[in-house]
1. Looking only at residues that are open to solvent by 10 Å² or more (accessible area, probe 1.4 Å) and touching a helix residue (DSSP H, G or I) at 6+ places or on another chain (Cβ under 8 Å) in segment 11-22, which one is nearest to Leu152 (Cα to Cα)?
2. How do the pairs read when you match residues in segment 193-218 that are within 30 Å of Leu42 (Cα to Cα) and free of Cβ contacts under 8 Å to residues at least 24 places away in the same chain with residues anywhere that are open to solvent by less than 80 Å² (accessible area, probe 1.4 Å) and in a loop (DSSP other than H, G, I, E, B), using Cβ under 9 Å and keeping only pairs 6 or more apart or on different chains?
3. Under the condition of being open to solvent by less than 70 Å² (accessible area, probe 1.4 Å) and part of a helix (DSSP H, G or I), which residue from segment 184-195 is nearest to Leu75 (Cα to Cα)?
4. Please tell me if Leu37 is open to solvent by 10 Å² or more (accessible area, probe 1.4 Å) and assigned to a helix (DSSP H, G or I).
5. Name the residues in segment 40-73 that are crowded, with 21+ Cβ neighbours inside 10 Å and without any contact (Cβ under 8 Å) to a residue 24 or more places away in the chain, would you?
6. Based on what the data block shows, is Phe162 at pLDDT 70 or above, out of contact with any His (no Cβ under 8 Å at 6 or more places or on another chain), open to solvent by less than 10 Å² (accessible area, probe 1.4 Å) and not aliphatic (A, V, I, L, M)?
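The values are calculated or read from the model by the stated rules, or taken from the named source; none is laboratory data. These numbers come from a predicted model, not from an experiment. Ideal geometry is used to build each Cβ from the backbone, glycine not excepted, and the neighbour counts take in all protein chains shown. With ligands, DNA and RNA removed, areas are computed over all heavy atoms of the protein, side chains included. Shrake-Rupley method; radii C 1.70, N 1.55, O 1.52, S 1.80 Å.
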Amino acid sequence: MIPTVSTAGWCLLVVAAIAVGIAKTALPGAATLAVALFAAVLPARASTGALLILLLVGDVVAIAAYRHDADWATLRRLVPGVVLGLVLGAGFLTLAGDRALLLVLIAVTLTLMRRAGTSVARGRTSRLLYGTLSGFTTMTANAGGPVMTMYLLASRFAVAPFLGTTAWFFFAVNVVKLPLSIGLGVIRVETLRLNAVLAPVVIVSALAGRRLAIRMNQNLFDRLVTALTVVSAGYLIVGAM
């Protein structure tokens, strides 16, 4: 059976599913709202597993919408760091003070965004740092979004390439996480039934997010995404304390 959830809990899960869809196709950073809401309704491991499936549903819609917009060179260069982060995350699967590094990343990113060039943001050390932390946080709590968002903001991606690169990045990462999560007992049959109820909400909200994204100019997009990412990082840091 679907895990016992109150009416209020279902309302929160529906809002979380909407946040997942919007985050995947319009406003990266909004997904952390879903992380918080799922954690408030479900036990920790069930929350992580159920949310992973919904994120994958949103990923599929996003890569269909932005299939021609990904920056594949950037994705390839991030692979070593992300793989390292996933391995570390699978090994620990408990969050520690590492999330406080998000404060440093935000400060560095905002500094880079004030500069004209993007070479620093796209340097080898930056790719390894952002990639590793993104892989680690997404493996442990489906919370790699803020890190990846900070990297792409610092690299000055336009709206469509930003969303396309993010879509393919997290689709690939979440697919890799799937067997690891099953092996660790994070994904269960009971939560899959819950996912079946919420997946249509993710799909509809993701399609709506796509329509929203094509109407936003670059300046508004950057400001909204930066604000959401700062809020998301704040939540992660508080949750790690």
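1. Here is the first cut: in segment 11-22, the residues open to solvent by 10 Å² or more (accessible area, probe 1.4 Å) are 11-12, 14-15, 18, 22.
With touching a helix residue (DSSP H, G or I) at 6+ places or on another chain (Cβ under 8 Å) added as a condition, the list becomes 12, 14-15, 18, 22.
Numbers: Leu12: 30, Val14: 29, Val15: 26, Ile18: 23, Ile22: 18 Å.
For segment 11-22, the residue satisfying everything is Ile22.
2. Ala196/Ile2
3. Asn195
4. Numbers: open to solvent by 10 Å² or more (accessible area, probe 1.4 Å): yes; assigned to a helix (DSSP H, G or I): yes.
So Leu37 passes the test.
5. Passing the criteria: only Ser47.
6. Details: at pLDDT 70 or above: yes; out of contact with any His (no Cβ under 8 Å at 6 or more places or on another chain): yes; open to solvent by less than 10 Å² (accessible area, probe 1.4 Å): yes; not aliphatic (A, V, I, L, M): yes.
Yes.
To keep it simple, each residue is scored yes or no on (1) assigned to a helix (DSSP H, G or I); (2) closer than 21 Å to Leu178 by Cα; (3) modelled with pLDDT of 90 or more.
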site: Cys11; (1), (2), (3): yes, no, yes
site: Val20; (1), (2), (3): yes, yes, yes
site: Arg45; (1), (2), (3): yes, yes, no
site: Arg67; (1), (2), (3): no, no, no
site: Arg77; (1), (2), (3): yes, no, no
